[in-house]
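Here the structure is laid out as C-alpha cells; the discussion comes afterwards.
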Amino acid sequence: MKETLYMTVNEKKVTVEVDPAAMLVDVLREKLGLLGTKIGCREGECGACTVLLDDKPVNSCMVPAMKAQGCSIKTIEGIGTKDHPHALQKNFAEEGAVQCGYCTPGFIMSAYALLSEKPNPSDQEIREAISGNLCRCTGYTRIIGAIRKTSNQGRNK
Ligand code: FES
Ligand code: FES
C-alpha cells in the first residue's frame, strides 16, 4: 500500500504516492525526475546523494522518504541551472574541482549549506563541512579552493 507524501521541493509543493519503505533519494530521482542527486554507496558513506532537508545537509539514501513529510527539500536543481549557474557551480568548474562530476552535486549541497550558515568559514570549517563527501578524482584541494573562492566573493546565490 502506498502512502501520500507532501513536501516542498526546490520551493514547489509536491504530492507523491510512495512506497512506505522508499528512500528519499529514490523518490527525488524516480518520482520527481531530479536526477542531479546521485547514488553512490547507498550506505551513508559517500555523500553523492546529499540534499538539504529543512536547510540541513543529509544523505538522502539514508532518509526514509516519509520522514520528509511536510518538510522542505533542496536539491542541486534548486541551486542553479546550466544557463544560470550558482557561484559554487561556476567556481567548481573554473577551479578544476570537477572531473567525472559524479560527486559534485553532493559537494555543492554541503558547501551551500555551510556558506548559508557561515559566509566566511575557515579552511578547517570547509573541510569539516565536506567531510562526508568523497571524491575519487580531484583530490580535495581544488574543491576547497572553489568553496573558498565563492566565500571570498561573498556569493552564495
Ligand atoms: S549514496 Fe548516499 S551516502 Fe553514498
Ligand atoms: S570528480 Fe569524480 S568523484 Fe569527484
For ALA93 and LYS13, extending 7 Å from Cα along the Cα-Cβ vector and measuring point to point gives, in nm, a value of 3.5
Between the alpha-carbon centers of the range 55-110 and the range 1-27, tell me the distance in whole angstrom. 18
Taking only DSSP H segments of four or more residues, each worth -39500 (n - 2.57), what value at 222 nm results for the chain once the sum is divided by all its residues, to the nearest 500 deg cm²/dmol? -7500 deg cm²/dmol
Once phi is turned into θ = phi - 60°, what whole-Hz ³J(HN,Hα) does the Karplus curve with 6.51, -1.76 and 1.60 give for every residue of the range 84-97, x standing for Gly and Pro? 10, x, 5, 4, 4, 4, 4, 6, 4, 5, 5, 8, x, 8
Relative contact order [Cα under 8 Å, 6+ residues apart], the chain, whole percent: 24
Using only the Cα atoms of the range 76-157, build the gyration tensor, take square roots of its eigenvalues as a ≥ b ≥ c, and label the shape rounded, prolate or oblate: rounded if a/c is under 1.5, else prolate if a/b is larger than b/c, else oblate. rounded
Backbone HN-Hα couplings from phi across the range 32-40 [Karplus 6.51/-1.76/1.60, Hz, Gly and Pro as x]: 10, x, 8, 7, x, 6, 9, 10, x
Over the chain, what is the percentage of antiparallel beta bridges among all DSSP beta bridges, to the nearest 5? 90
Relative contact order [Cα under 8 Å, 6+ residues apart], the range 3-77, whole percent: 40
Please give the peptides 11-18, 125-132, 84-91 ranked by average Cβ packing (other Cβ atoms within 10 Å per residue), highest first, as a rough proxy for protection. 84-91, 125-132, 11-18
Which angle between 0 and 90 degrees, to the nearest 10, do you get for helix 141-152 versus the longest principal axis of the chain when only C-alpha atoms count? 90
Around VAL9, which amide H atoms from residues at least 5 apart in sequence, or from another chain, sit under 5 Å from its own amide H, with H modelled in the peptide plane? VAL14, ILE73
Using the Karplus curve 6.51 cos²θ - 1.76 cosθ + 1.60 with θ = phi - 60°, what ³J(HN,Hα) values do you get for each residue of the range 100-114, in whole Hz, with x for Gly and Pro? 6, x, 5, 7, 4, x, x, 4, 5, 5, 5, 5, 4, 4, 4
Sorted by chain and number, the residues with a modelled amide H under 5 Å from that of CYS46, at a separation of 5 or more or across chains, are CYS41
Going highest first, how would you order 33-46, 103-116 by mean Cβ packing within 10 Å? 103-116, 33-46
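Just so you know, all these numbers are worked out from the coordinates, no wet-lab data involved. These figures come from a predicted structure and were not determined experimentally. Cβ atoms come from the backbone with ideal geometry, glycine included; neighbour counts cover every protein chain shown.
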